[in-house]
Every structure is written in structure tokens, then in C-alpha cells.
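These notes are about the structure you will find just below.
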2 protein chains.
Amino acid sequence: MTTGPRHRTRQQHDEIAHYLRTAIREGSFQPGDELPSEAELTRKFTSSRGPVRQAMSALRGEGLISSGRGRRTVVLDNVLTQSFDDVISFSQWCHASDIVPGQVTQRVAREPAEKSLAASLRIEEGDPIVSVFRLRLMDEAPAMVERLNYPFEFGRHVLAFDTDSGSIYQELIDQGVDINRASRTIDAVGANDDDARLLEVPVGTPLLRVRRRAFTTAGDVIESSDDRYLPWKASFTMNSTRGNPSSMSLISGD
Amino acid sequence: MTTGPRHRTRQQHDEIAHYLRTAIREGSFQPGDELPSEAELTRKFTSSRGPVRQAMSALRGEGLISSGRGRRTVVLDNVLTQSFDDVISFSQWCHASDIVPGQVTQRVAREPAEKSLAASLRIEEGDPIVSVFRLRLMDEAPAMVERLNYPFEFGRHVLAFDTDSGSIYQELIDQGVDINRASRTIDAVGANDDDARLLEVPVGTPLLRVRRRAFTTAGDVIESSDDRYLPWKASFTMNSTRGNPSSMSLISGD
């Protein structure tokens, strides 16, 4: 294990950057807000100016904050973006958020598609699919229940994969599956028996539900999934500006 | 009342366009999906080709579908956009979705800001705010409970407005308030006593919660609100494509 000043400095720089990144992501510092001054941050982290400046430099590089030359540093507008990988992959999203992802597989099956799932995957009722049911963890705590469904053409890669070992998305990419776009629908749903047991909450607890379909460039459906988050573990956020149509739509129910 | 073929044709064209628009918005037809053929639509609506072509032309003009020259018409990618007006205004969003909006005001008050609201509005604790609590209706049925809070500087316009008459957003615009951008955070929450009574559901029913802050161009906070939708009345949807960072982010909780 490395010790000494060099290591200590590195730790502090990461710690300060993580604190600021999280505060911005979670909205404690909103676009336009001034960040705490160098002096305030050195006091808060009992640090010298070096690590504070290193942390600010990292955030500047990530496009989160202004260059701040001659005045206080400001949180930039529209900083809340999510890469395509993060849209599809819980594991990748966690890594980007400084969270350790985990998974406990409940069930992996090859089975015939029931009617509504077949329609969503654009295959025939009864055609084979691969379905995966996993509890997902954030920093070792239950956070989300995921139900993934793949037409056999894509799902066969999943059958050969240890679903307790990590990202199915990464495995599909590694197997050459062309994941090009995705649609997401977000609403709220009460925890059913399985959700409640795995997430360790009462049945009926409000969960944030994200249903996702992923497509190849040619428009074939790769995946139809249902993710249910504990709402205190994750929420969606976005900024909109006059003159820019928002790429997220509120749509009316049936 | 006008009757005769001219009127009948007009009605059918609108009806067909409304059917297709709604099916696309609600995801029954996804990007890349082919629309029903002209022949299928004429059968479905017992229509001649004229109104079907008029409807398709309208949707083409709205950027929802491909030009379809020589082949079937296809739903376009990234069609799910929402104008800035729709982001802020439930009334405007309803109008854009062919829904009649309504409201039943529960309470309008001038009162001192409590601590967390003051922080969100960037004013001092105890400074005066105007708060509005309304039940919102979609086609006359309960759909959403809204809690709006304004610093007095902006809220004074609301005090003078009949909040049962329609859009507060429109009134603020008419009064010259510079509403330039907004941030939204989306999660799930159980109905509290007030929500449950107004929405006519049991306490604890999962609701889709949208918390919004609106800003002037200069960065002043105009509004801090909390909207709670019955999830079968509204959901969020968006498309993402590889290579484009998504403007909506899933963020981790505290």
C-alpha cells in the first residue's frame, strides 16, 4: 500500500472532485450557481490549494464548470447529459456516477414470447426469447430490479454469459451486436411481490419505472426491458431552454 | 351547423390525423415502424383516399413521418420532442396533445417562505412567496396535483389572476415575465392525503412526480413547483442514439 504525501494529495483531489461532481449532478449546485471559492474548499477539506485546483481542473475538463478566470467559477448550463452507454447500461451509468454496480441474478431463461412481449420485440408470439431477471445493487445496497428480454438471435449471447459477473450490455457489444438507438418511457409503479422482496420494501412502494427498447441501425429490436428503481436511489433530471424543443416528451396515457 | 361532404371530409381528415398522431406519441407506432397503408386507413375510417392523404400530409408537415415516396410511410426518429411552452405549461401541453385541460384551485396564498423553499427560490427564509395548489384535469378527469411557488416579485401577478381560468404560465408571459429556461427532476412518490383525496385514489398510490424550477435569462428563479401525475394519465418518453449524449440524465439519489 502506498503512503506518503504524494498518495495523500491524489486522494484529496479525487475526493474534492467527487464531492463537486455529485453536488452538481444532484442539483445542489444548479447551472448558473457559483461554486464555493478555493479558500472555502481548502477549509472544508483541510487541504492545500493544489488538490482544490486539480479538482477544479478535472471538472473543467468534463465541461461541468466555467473557466472562471478572474471571477468565481460557475456551474455551466445543460451540464446534465448522459452518454448513450449510460442510457442502456446500469453498470456503465454507475461507473460514470462513481458508484460500484452489482447484480444478483434471479433467473435466466430461454422461453416462448408471450403476446405483448412478442409485439414489443417485433417477433411472432411463441418465438424463443431469452429473459433475465436481476436485482441490481448500488454500492452493495439494493437499488433496482431489472427484467430484460431479448429475441433469441441476440439473447443467445446472454445464455453463454455469467449474468452475475457484470454488464450484459458490454457482453453484447463485445459479441458484435449493433446497438444503435434506444427509446425510454418513464413512469411510476407500485412494487409487486418480487420487487418488494428484492428491494426490501413493502409491496406497493412507489418505484420509478423505466421501460426501454433498444434497436440496431437497421431497426431490429434487440431488447425490451423494464427497470424499477427505488426513487431515493435514482431520479431523472434535464434542462430545457426557450427556443430548444426538449428531446424528452411528457405523453398522455391511454 | 355546417353539413354536407365538405364538412364531412374535413372531420375525417382531422380524425385520421389525430389517430395517427396519438399512436405515434404514445409509442404504438415506434420510430422506424411503417404506418398502415392508405388502403388500410381508408378501410379503418370508411373514408376515401382524399382525407387519408390530407392526414398524412399534415403529419409529414409536423415532421412525424417520412415522405414515403415509392414505399410505405415510416415513423421518423426522434419525433418525440416537446416545446419549451409544453415543458412549463400543463395547459399548453394538453392543447398540443388534443386534450382539454382544466383546473380546480384549492388554495392561493401569500406567505413567508420556509427554509428549503427559500433555498430553491434563492431568496431568504421568511421572504414573501405566492403559492398555488391546484387539481389539474385532463378531459374533465382528475390527472395531476400541482403545487407552484413563486417569489413575490413574480407571484404578485398570480395573486391578481383568476387561477380557475387557465394557464398561469400564459399570464406570466402576458405580464412580461422573462421565462427563459427550466430544470426538471422526475421520480416517483406515494400519494399523500391531499393527493389521494383530489386524484380519487388510495393514499400511497404511486404517482409520477415532476419537480421544476424556471429561470429568467439572468438566472433568477421564477418558480419552484411539484407536479404529481397519475401514472396512467402521463409518462415521459425519449429516444437516444449512439454518439449523441442524451439531454436527460438519470442521477443517483442521496
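The values are calculated or read from the model by the stated rules, or taken from the named source; none is laboratory data. None of the values given here were measured: they were computed from a predicted structure. Neighbour counts run over all protein chains shown; Cβ positions are idealised from the backbone, glycine included. Please note that ligands, DNA and RNA were not included when accessible areas were found on the heavy atoms of the full protein model with its side chains. Shrake-Rupley method; radii C 1.70, N 1.55, O 1.52, S 1.80 Å.
Under Stokes-Einstein, with the Kirkwood radius over Cα pairs as Rh, the value for the range B:103-254 at 4 °C and 1.567 mPa s is 78 µm²/s. Each copy carries a label point for A:R49 at 7 Å from Cα along the beta-carbon vector; from one copy to the others these points are 7.8 nm apart, nearest first. Each copy carries a label point for B:Q170 at 7 Å from Cα along the beta-carbon vector; from one copy to the others these points are 5.3 nm apart, nearest first. A 1.4 Å probe over all protein chains sorts A:R21, A:R136 by accessible area into A:R21, A:R136, starting with the largest. In nanometres and ascending order, the distances from the B:R156 label point to those of the other copies are 7.2 (point 7 Å from Cα along Cα→Cβ).
On the basis of the beta-carbon distance and an R0 of 41 Å, A:T241 and A:D162 show a calculated FRET efficiency of 0.40.
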